[in-house]
2 protein chains.
Amino acid sequence: MSSTLDVGAVPRHGGRTGQALRFAASAAEPAGRFMTTAQFRQWFAQRSHVNDFRTEPIPLHDLRDWSIDPVTGNIGHASSRFFTVEGLRVRTDFGPVPEWRQPILHQPEIGILGILVKEFDGVLHCLMSAKMEPGNVNVVQLSPTVQATRSNYTRVHRGNAITYLEYFVQPRQGRVLVDVLQSEQGSWFYQKRNRNIVVEVTEDLPLEEGFCWLTIGQLLELMTEDNVLNMDTRTVLSCIPFATDAKTAPGGEWERALAATLDVDSTDATAVHDTVEILSWLTELKARYSLTAELIPLRDTTGWEISDDRITHPDGKYFDVFGARVLASNREVTQWTQPLMAPSEQGVIAVITKRINGVPHVLLQARMEPGYLDSVEIGPTVQCCPGNYRDLPKAQQPAFLDLLDTLPKSALRYDVVLSEEGGRFYHASNRYQVFEVGDEVPVAVPENYIWMTLGQMGTLVRHSRYLNVQARSMMCSLHSLWAV
Amino acid sequence: MSSTLDVGAVPRHGGRTGQALRFAASAAEPAGRFMTTAQFRQWFAQRSHVNDFRTEPIPLHDLRDWSIDPVTGNIGHASSRFFTVEGLRVRTDFGPVPEWRQPILHQPEIGILGILVKEFDGVLHCLMSAKMEPGNVNVVQLSPTVQATRSNYTRVHRGNAITYLEYFVQPRQGRVLVDVLQSEQGSWFYQKRNRNIVVEVTEDLPLEEGFCWLTIGQLLELMTEDNVLNMDTRTVLSCIPFATDAKTAPGGEWERALAATLDVDSTDATAVHDTVEILSWLTELKARYSLTAELIPLRDTTGWEISDDRITHPDGKYFDVFGARVLASNREVTQWTQPLMAPSEQGVIAVITKRINGVPHVLLQARMEPGYLDSVEIGPTVQCCPGNYRDLPKAQQPAFLDLLDTLPKSALRYDVVLSEEGGRFYHASNRYQVFEVGDEVPVAVPENYIWMTLGQMGTLVRHSRYLNVQARSMMCSLHSLWAV
């Protein structure tokens with residue numbers, strides 16, 4: 001195969017800025033060629049009805065096709081594919097806890113999270129899927145065109161063919177507009193990453209059942225509603241570059257100022273830190289602190305209660321792992337069992353924004369999570385389940401968490417509950433919040449925090465392992481503020 | 001500590017392009033404020049005389065302060081710092097060999113490779129060090145201002161203070177212009193990376209013995225001589241951004257065309273592949289192929305001859321590991337012992353360049369080396385010790401290696417012998433060559449090869465783990481072609 005054949009027949013559109021303007025034009029479209037957002041809601045409600053699944057907890061030892069290894073206690077599928085539940089031993093000099101053990105999901109395969117886009121009436125539309133996942137609070141959420149593990153898409157176990165997969169595997173038609181490996185939850189997954197890919201096609205293609213075409217403006221409007229866009233949609237969407245003509249952006253002066261920071265040519269000049277400084281800040285932290293995370297037998301995960309029934313933390317903190325049976329009320333569809341991980345409570349994922357020299361900046365934090373391949377990634381200002389910290393001294397509570405409660409209601413610019421991946425996590429929801437502050441938060445911040453613009457986040461997200469999955473979700477929240 | 005304090009007192013100079021123009025202006029200066037290149041050569045010869053060391057091979061079991069672990073056979077320092085010699089088991093579906101074991105150097109610390117720069121008479125100068133390393137063929141080579149492992153610079157073992165270290169550790173004065181973690185040889189090191197950092201100061205500072213100030217133009221002129229710039233200098237230099245006014249560049253039309261590709265705003269538009277396509281090519285290869293590399297006891301490295309005396313491959317391939325005693329003829333200086341790794345022969349590191357639509361492109365290859373943290377990095381067109389492949393069938397010989405012999409002498413634009421790191425490797429030299437080809441090499445290339453411009457290489461090298469250390473060295477060779 002020749003690498004020059006992979007370019008596809010779709011022409012380039014004026015480089016990155018040209019593509020970013022096309023994406024922004026789609027973000028400015030409140031209605032799609034095929035359905036308004038009101039019509040989408042009707043269609044989506046109907047899809048939820050068609051996919052009327054329910055998930056029942058069962059003991060781990062009752063899982064079919066999954067087994068508990070007699071030596072290690074690790075939980076794995078009979079095929080050795082999909083994922084395993086193993087133990088992790090962590091040692092670090094970053095943060096208050098120098099050493100711990102925990103269960104972790106190990107899924108070494110790289111999956112595909114792909115959105116197909118196509119111009120209709122000159123506007124890019126995204127092909128989205130109404131997809132059931134067993135851990136979703138509301139069964140069905142809006143997913144990328146394709147969302148598949150390698151075990152799924154190489155059809156090792158002869159599952160059904162994956163609709164539209166052919167657009168995302170070689171040899172393929174179409175032009176790749178985004179294609180980057182991104183990490184997922186570093187506290188729950190060991191070195192997991194997925195391929196976030198956007199492919200543009202010009203050819204006609206059939207619209208299969210359960211799929212719809214929406215503009216990016218419609219997707220960003222749906223970002224303002226609880227639990228509609230699933231995590232995989234949000235992470236792919238976050239990797240899309242935008243460049244707006246900020247003067248004509250909707251909304252007020254703050255929203256236009258936020259949109260203005262998307263201009264990659266000027267955002268570095270007006271930001272508190274240029275990209276060299278941001279990269280140096282991250283390099284410094286990686287060089288100064290160390291993290292060692294080793295997979296160990298699940299049985300050796302001291303400090304946790306592990307039975308053949310369920311895995312729990314004795315204080316009720318962090319998460320449980322249990323078995324789930326997935327049942328369709330519609331009798332035609334297959335049922336299956338699998339392990340699921342359930343966080344102990346709803347989490348808080350918040351960013352503080354602040355105008356510095358008139359330019360909106362987002363406060364982000366360097367986080368060392370044990371599942372990251374390269375120790376440190378950048379997350380939101382606050383990312384935690386508060387209960388996990390409730391018995392720790394004040395100095396060890398997450399920074400800025402207390403502050404959020406003291407901010408006036410008028411500071412809250414975004415407040416939506418969103419779910420983490422429903423294929424592995426049960427009812428894992430987080431409250432995503434964007435606050436705008438003034439002098440309550442000074443420009444000087446602790447060493448592991450940094451102010452950057454939304455445009456600078458867009459520069460980083462082109463590459464792997466800079467922004468964690470929570471920060472990437474938050475980018476979609478922030479984009480919804482200027483676009484909707 | 002506040003991250004806003006880290007910026008330093010040195011002003012920004014018009015963002016990345018402004019900095020890149022300043023670096024290019026220094027590259028255009030053939031003589032420095034303090035010495036001409038002829039004067040440098042005299043000074044450097046004198047420094048080589050002062051540092052008259054010699055390295056003698058000794059059996060591994062005669063190393064002082066190093067020991068062979070009775071259980072694993074691993075070789076380590078009594079302090080548990082510096083590095084160890086361990087075993088590695090590799091499994092991959094990339095390339096002709098699916099599984100092998102080999103010895104590997106394990107050095108988990110992140111060291112500092114730092115160059116201090118300062119303007120004199122409006123031109124940036126680099127503070128360079130004439131430094132002895134035991135594995136160098138010529139004892140002394142030109143090194144960055146600071147070249148120190150973490151064990152060195154945190155002075156765990158009370159070594160001498162490292163000159164100028166204070167400019168590279170927090171809290172520091174000065175403005176960081178480059179700061180990125182980069183990998184080193186993935187066939188010899190397990191997941192090693194060093195911090196490549198350039199710091200600009202405006203304050204006066206003393207010139208210590210063994211150091212000199214040179215322009216980047218002088219450094220690039222020295223790139224055309226065998227074994228002057230050491231590997232650490234080359235990797236830091238490769239991370240420096242350049243942007244030239246190509247019309248006024250020295251040399252002929254080809255050199256000016258090469259310099260023109262440095263313009264980050266235009267290089268994507270005129271290149272065969274834009275950056276999105278290059279990143280997608282790499283993502284595709286990472287997703288398609290897998291690499292598992294696990295540290296194992298050195299004793300379990302089957303296929304190698306391991307004794308208390310020396311480690312060798314029975315076919316005389318790859319490398320040996322032996323003990324070395326480093327002696328100073330000047331009796332005042334301490335002597336020490338350490339393990340060194342010696343490659344079996346001089347290697348070939350070559351790039352093919354070709355004008356495509358008039359624009360010079362460099363042919364690079366995606367390489368899966370077992371020591372890479374993220375499996376694949378981008379290397380030169382050819383990177384090998386030919387003898388390692390001599391008994392393999394033709395189809396498994398390195399691509400393009402044969403072709404090099406068939407090219408006319410006029411195609412050879414650069415041909416210099418350069419050393420790899422002399423602190424770990426004994427007489428590890430490679431012949432670096434740049435060829436310019438015409439129709440001998442078509443634009444269509446195998447799937448793990450890609451054409452990109454020197455400017456696109458500069459975009460990638462801002463980030464970790466895109467360009468391997470051989471490709472980064474080659475960037476300095478290529479820069480010398482337009483600058484000198």
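The values are calculated or read from the model by the stated rules, or taken from the named source; none is laboratory data. Keep in mind that this is a model prediction, so the values were computed, not measured. Cβ coordinates were reconstructed from backbone atoms using ideal geometry, including for glycine residues, and neighbour counts include every protein chain displayed.
Annotation: A:ASP315 fulfils all but one of (1) surrounded by fewer than 17 Cβ atoms within 10 Å (Cβ to Cβ); (2) in a strand (DSSP E or B); (3) not aliphatic (A, V, I, L, M); the unmet one is (2).
When only residues in region A:282-294 that are of a type outside the set (Asp, Glu) and within 7 Å of another protein chain (Cβ to nearest Cβ) count, which is nearest to A:ALA20 (Cα to Cα)? Selected residue: A:THR283. If only residues of region B:258-281 that are in contact with a Gly (Cβ under 7 Å, 6 or more places away or on another chain) and touching a residue at least 40 places away in the same chain (Cβ under 8 Å) are counted, the one that is farthest from the other protein chains (Cβ to nearest Cβ) is B:LEU262. Looking at the structure I just gave you, is A:ILE240 modelled with pLDDT of 95 or more, surrounded by 15 or more Cβ atoms within 10 Å (Cβ to Cβ), assigned to a strand (DSSP E or B) and among the β-branched types (Val, Ile, Thr)? The answer is no for A:ILE240. With respect to the conditions (1) loosely packed, with under 15 Cβ neighbours inside 10 Å; (2) modelled with pLDDT under 95, A:PRO446 falls short on a single one, namely (2).
The criterion of being in contact with a strand residue (DSSP E or B) (Cβ under 8 Å, 6 or more places away or on another chain), at pLDDT below 95, under 30 Å from A:TYR466 (Cα atoms) and among the small types (Gly, Ala, Ser) does not hold for B:GLY186. Of the candidates A:GLU225, A:GLU294, the single residue that is surrounded by fewer than 18 Cβ atoms within 10 Å (Cβ to Cβ) and either hydrophobic (A, V, I, L, M, F, W, C) or in a loop (DSSP other than H, G, I, E, B) (or both) is A:GLU225. All conditions but one from (1) under 30 Å from B:GLU109 (Cβ atoms); (2) touching a strand residue (DSSP E or B) at 6+ places or on another chain (Cβ under 8 Å) apply to A:ASP274; the one that does not is (2). Which ones in region A:434-465 are small (Gly, Ala, Ser) and within 20 Å of the chain's Cα centre (by Cα)? Residues satisfying the conditions are A:GLY455, A:GLY458, A:SER464. Restricting attention to region A:169-181, the residues being more than 10 Å from chain B (Cβ to nearest Cβ) and either at pLDDT 95 or above or surrounded by 24 or more Cβ atoms within 10 Å (Cβ to Cβ) (or both) number 0.
When each of B:GLY387, B:GLY438 is tested for being away from every other protein chain (no Cβ under 14 Å), surrounded by fewer than 18 Cβ atoms within 10 Å (Cβ to Cβ), in contact with a helix residue (DSSP H, G or I) (Cβ under 9 Å, 6 or more places away or on another chain) and not basic (Lys, Arg), the lone residue that passes is B:GLY438.
The number of residues in region B:243-271 that are at pLDDT below 90, closer than 13 Å to B:LEU481 by Cβ and hydroxyl-bearing (Ser, Thr, Tyr) comes to 1.
Which is more than 30 Å from B:HIS49 (Cβ to Cβ), in contact with a Ser or Thr (Cβ under 8 Å, 6 or more places away or on another chain) and in the same structural domain as B:PRO386 (by TED's automatic domain parsing), of B:TRP281, B:TRP304?
Within the list B:TRP281, B:TRP304, the selection yields B:TRP281.
For region A:182-222, filtering for residues that are within 14 Å of another protein chain (Cβ to nearest Cβ) and either outside any loop (DSSP other than H, G, I, E, B) or surrounded by fewer than 24 Cβ atoms within 10 Å (Cβ to Cβ) (or both) leaves 12. Does region A:373-384 contain any residue that is within 14 Å of chain B (Cβ to nearest Cβ), of a type in the set (Asp, Glu) and in contact (Cβ under 8 Å) with a residue 40 or more places away in the chain? Yes, some residue in region A:373-384 is within 14 Å of chain B (Cβ to nearest Cβ), of a type in the set (Asp, Glu) and in contact (Cβ under 8 Å) with a residue 40 or more places away in the chain.
Residues are listed down the side, and each one gets a yes or a no for (1) assigned to a strand (DSSP E or B); (2) within 25 Å of A:SER464 (Cβ to Cβ); (3) among the aromatic types (Phe, Trp, Tyr):
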position	(1), (2), (3)
A:SER79	no, no, no
A:PHE94	no, yes, yes
A:TRP100	yes, no, yes
A:VAL117	yes, yes, no
A:LEU124	yes, yes, no
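Could you grab me the full set of residues in region B:441-484 that are among the small types (Gly, Ala, Ser) and under 15 Å from B:ALA20 (Cβ atoms)?
B:GLY455, B:GLY458, B:ALA483
Being hydroxyl-bearing (Ser, Thr, Tyr), without any contact (Cβ under 8 Å) to a residue 40 or more places away in the chain and assigned by TED's automatic domain parsing to the domain that holds B:GLU200 is true for just one of B:THR154, B:THR163, B:THR145. Which residue is that? B:THR154 is the lone residue from the list that is hydroxyl-bearing (Ser, Thr, Tyr), without any contact (Cβ under 8 Å) to a residue 40 or more places away in the chain and assigned by TED's automatic domain parsing to the domain that holds B:GLU200.
Results for (1) under 30 Å from B:GLY252 (Cα atoms); (2) surrounded by fewer than 16 Cβ atoms within 10 Å (Cβ to Cβ), shown as yes or no for each residue.
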position	(1), (2)
B:THR353	yes, no
B:ARG367	no, no
B:PRO398	no, no
B:ASP405	yes, yes
